[in-house]
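Report on the following structure.
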Amino acid sequence: MAAINPSGPVPVYCQIKQDLLNQILTGILKPDDRVPSETDLAGTYSVSRMTARHALTELVNEGYLYRVHGKGTFVSRPKIECSYAPLTGFMDDMRERGFLPSSRLLGLSITSPGPDLRNKLGLSPRDKVYQIKRLRFANAEPIVIQVSHIPQPLCPGLEEENLEGNSLYSILENRYGLRLNHARQRLEATRATSEQARLLGIAKASPLLYVHRLSFLSDNTPVEFVESWYRSDRYAFEVTLYKDWSNGHRNQK
């Protein structure tokens, strides 16, 4: 525990916050460890409970801590960060970050798409789509629920493939010659339904990151529309911004 200087230029709650953060970053406080209560912190640092609460709240808001009603405040697990730039599947994404990916197939069906999905995928009223619902894991921990929609005419026999043990993007490329080139992706905030909470092992109404992506071939043929619901306590998206977009875009090619 670092000494607190009540007469220094840095507010006391900031000093407490930084001390706790240092303990988290150096591993003294480990993921899912319970941190001292407001009362205990107030006694340890000789401050008011309000000051201790302020320090904890800052760390909760920044994602370093999380609260469990009736139990206390705990250290968050490090988030898996994902960049918007690379067009990769979940398995490649996890492996690049040092995690062991796995999947559980929750459902596979051939359905008639509604007008909105049919328009996204450029299908005729007679065309059907594969709907593939999977629960994805990183190091055996559930991270995301994904529902993919793929035009059946593009990949007949897809239901014969091992969609739990193999990358869907690898199957599309190696069996069907469908190499994804670019995608449009949108990120929104939402809350977990009862079913999503059960699958992800979180509380109902917990915050989720809802991501939907429409992927294309190089000739702009739509190949996949996928909806993903990520645990926001375990996953974060990151994007690199360029003031001069043309230079940034050119440098990434």
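Please state which of the following conditions TYR130 fails to meet, knowing it meets all the rest: (1) free of Cβ contacts under 8 Å to residues at least 60 places away in the same chain; (2) open to solvent by less than 30 Å² (accessible area, probe 1.4 Å); (3) touching a Lys or Arg at 6+ places or on another chain (Cβ under 9 Å).
(3)
If I ask for residues that are loosely packed, with under 12 Cβ neighbours inside 10 Å and of a type in the set (D, E, K, R), which ones from segment 58-76 would you list? Walk me through how you get there before you give the answer.
Looking only at segment 58-76, we keep the residues that are loosely packed, with under 12 Cβ neighbours inside 10 Å, and these are 61-62, 68-71.
Correct list: GLU62, LYS71.
Filter segment 7-36 for residues that are part of a loop (DSSP other than H, G, I, E, B) and in contact (Cβ under 8 Å) with a residue 40 or more places away in the chain and give the result.
Within segment 7-36, LEU29, LYS30, PRO31, ASP32, ASP33, VAL35 qualify.
Counting just the residues of segment 91-117 that are under 17 Å from PHE225 (Cβ atoms) and assigned to a strand (DSSP E or B), which one comes out most open to solvent (accessible area, probe 1.4 Å)?
Here the answer is ILE110.
In the list LEU214, LEU172, LEU178, which residue meets the criterion of being open to solvent by less than 20 Å² (accessible area, probe 1.4 Å), over 27 Å from ARG231 (Cβ atoms) and touching a residue at least 40 places away in the same chain (Cβ under 8 Å)?
LEU178
The values are calculated or read from the model by the stated rules, or taken from the named source; none is laboratory data. All of these numbers come straight from a predicted model, not from anything done at the bench. Here Cβ is always computed from backbone atoms with ideal geometry, including for glycine, and neighbour counts include all displayed protein chains. In case anyone asks, the SASA skips ligands and DNA or RNA and just uses the protein heavy atoms, side chains included. Shrake-Rupley method; radii C 1.70, N 1.55, O 1.52, S 1.80 Å.
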